[in-house]
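To start, the structure itself, in structure tokens.
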Amino acid sequence: MRVKTLIQELTGLPVVCGHELAQSLGAYERGVTAYLNAQLLPVAEGFLKTVVSEIESRGLNPRIAMLRCDGSVVSMHEALKKPIESVFSGPAASLLGASYLSGQETCTVIDVGGTSTDVSLIQKGLPHLSETGEVVGGWQTKVRAFRMETSATGGDSHIWVQGGNINIGPDGLFLSAGQQLCIPIS
């Protein structure tokens, strides 16, 4: 922690240690998590500064909190230090919101976005959490998040039938939607 403080003082840059992001075993995955978190720091700072600026320009002074991937809520200050923990907050919000709005304590939610589809489950009011941490950009991390299945097929994906096969992507209608999948029709 002394080295962390020294680096912050010398560089003026944010520093987050791997053990602050995950305390479970797995040095490689903790390192990946810390690396990805570092990559997200300037993005998160820019995004949250814009949000705060827009809110303040309207004369509001709210307490801003961020949803994390595991459904918990943290202060904006904490979210700025650990943006990796909010990377799947959209699907988490969909799951919690759908359960609340439907009045169902047990349900499966299919969240179709522009470029991806996420499927998750809440049972007896409790979401299932990933046991090993979520995969972010193809990298296994120690990010505690709702367990979900994700497909690179979303509302923007181009889907067509040709030669007895269902074809999906890569040409989206508005944006690129990932790799092409070919599923035989039986």
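Does anyone have the angle between helix 2-11 and the longest principal axis of the chain? Alpha-carbon axes, 0 to 90°, nearest 10?
So the inclination is approximately 90 degrees.
Which of the trypsin sites (Lys or Arg not before Pro) found in region 28-111 are in a DSSP loop and have at most 15 neighbouring Cβ atoms, other than their own, within 10 Å?
Values: sites: Arg30, Lys49, Arg58, Arg63, Arg68, Lys81; in loops: Arg58, Arg63, Arg68.
When the trypsin sites (Lys or Arg not before Pro) of region 28-111 are filtered for loop state and at most 15 Cβ neighbours within 10 Å, Arg58, Arg63 remain.
Could you give me the radius of gyration and the Dmax of the chain, taking only the C-alpha atoms into account and expressing both in angstrom?
Taking only Cα atoms of the chain, I get Rg and Dmax of 19.4, 64 Å.
Can you give the charge dipole size of region 40-175 about its Cα centre, rounded to the nearest 20 debye, using +1 on the beta carbon of Lys and Arg and -1 on the beta carbon of Asp and Glu?
Working: 10 positive and 14 negative charges, 79 e Å.
Result for region 40-175 is approximately 380 debye, rounded to the nearest 20.
For helix 27-57, what angle does its Cα long axis make with the longest principal axis of the chain, in degrees from 0 to 90 and rounded to 10?
Taking the Cα atoms of the chain, the angle to 27-57 is about 80 degrees.
For the chain, with every protein chain kept in place, what is the accessible area per residue (1.4 Å probe, Å²)? Write down the numbers at each step before the final one.
Details: 11870 Å² over 186 residues.
In whole numbers, the chain has 64 Å² accessible per residue.
Could you count how many Lys pairs in the chain have their Cα atoms under 20 Å apart, skipping same-chain pairs fewer than 8 positions apart? Write out the running numbers ahead of the final one.
Working: Lys4/Lys81; Lys4/Lys82; Lys49/Lys81; Lys49/Lys82; Lys81/Lys142; Lys82/Lys142.
Step by step, the pairs that qualify in the chain add up to 6.
Running Debye on region 1-72 with equal point scatterers at the Cα sites and no solvent, what base-10 log of I(q)/I(0) appears at q = 0.22 Å⁻¹?
Treating every Cα as an identical point scatterer, log10 I(q)/I(0) equals -1.10.
With axes computed from alpha carbons, what is the tilt in degrees of helix 89-102 against the longest principal axis of the chain, rounded to the nearest 10 within 0 to 90?
So the helix axis and the longest Cα principal axis differ by about 70 degrees.
Return the carbon/sulfur percentage of the accessible area of region 89-170, one whole number, probe 1.4 Å, all protein chains in place. Please report the intermediate quantities before stating the final value.
On the way: 2550 of 4600 Å².
The C+S portion of the solvent-accessible surface of region 89-170 is 55 percent.
For Ile166 and His77, FRET efficiency with R0 = 30 Å and r from the beta-carbon atoms, rounded to 0.05?
Values: r = 47 Å, r/R0 = 1.57.
According to the calculation, E is roughly 0.05.
So how exposed is His77, as accessible area in Å² (1.4 Å probe, rounded to 10)?
130 Å²
Looking at region 1-92, which GluC sites (Glu not before Pro) are in a loop (DSSP not H, G, I, E or B) and have at most 15 other Cβ atoms within 10 Å? Let's see the in-between values first.
Working: sites: Glu9, Glu20, Glu29, Glu45, Glu54, Glu56, Glu78, Glu85; in loops: none.
Hits after loop and neighbour filter: nothing returned.
Determine the distance separating the Cα centre of region 5-34 from the Cα centre of region 109-125; give it in Å without decimals.
So the two Cα centres are separated by 30 Å.
Would you work out which of Val32, Val73, Ser99 lies farthest towards the positive end of the dipole of region 8-142, given +1 charges on the beta-carbon of Lys and Arg and -1 on that of Asp and Glu, about the Cα centre?
Toward the positive end, the furthest listed residue is Val73.
The values are calculated or read from the model by the stated rules, or taken from the named source; none is laboratory data. No experiment lies behind these values; they were computed from the predicted model shown. Don't worry about glycine lacking a Cβ; one is built from the backbone with ideal geometry, like all the others, and counts go over all protein chains shown. Heads up: the accessible areas ignore ligands, DNA and RNA and are worked out on the full protein's heavy atoms, side chains in. Shrake-Rupley method; radii C 1.70, N 1.55, O 1.52, S 1.80 Å.
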